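The values are calculated or read from the model by the stated rules, or taken from the named source; none is laboratory data. Values in this document were obtained by computation on a predicted structure and should not be read as measured data. Please note: Cβ atoms are built from the backbone with ideal geometry, for glycine as well, and neighbour counts cover all protein chains shown.
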Amino acid sequence: MSNKTGVIVLTLILTLLSAYYLHFTFVARSIDSSITEKARDKKGNVDFAKRQALFDSLWTEKVWFGYTYKQIKEQELALGLDLQGGMQVTLEISPVEIIKVMSGNSPTSSRKASQ
């Protein structure tokens, strides 16, 4: 029974820690999207200079339970390029080209060369 209780307590602690650190990410994304919406003009285009000015004005302001925007961004989970959609690499291998390179680009086949 004590092992079962220990596993439940450990699971609960890890769940609470995960929720604590994830909430900074959710708050940061919420603030980012609201600032982006405030920076849109009547046509729906984002004015990036206005957006940056809004971010700069919030940097030292307390925006979430005593945390400044800077502190929230520092605690936010960083996404890698694969999760942000910023990079894609494709590798294509040609078996014929591999054989040619391994044979030293020999113009004759090995059967004719051995005769």
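Can you find even one residue in the range 5-14 that is surrounded by fewer than 11 Cβ atoms within 10 Å (Cβ to Cβ), of a type in the set (G, A, S) and not in a helix (DSSP H, G or I)? For the range 5-14, residues surrounded by fewer than 11 Cβ atoms within 10 Å (Cβ to Cβ), of a type in the set (G, A, S) and not in a helix (DSSP H, G or I): absent.
Consider the range 32-85 and keep the residues that are assigned to a helix (DSSP H, G or I) and among the aliphatic types (A, V, I, L, M). The one that is farthest from A19 (Cα to Cα) is A49. For K100, the test of being closer than 19 Å to Y21 by Cα, basic (K, R), assigned to a helix (DSSP H, G or I) and at pLDDT 70 or above is failed.
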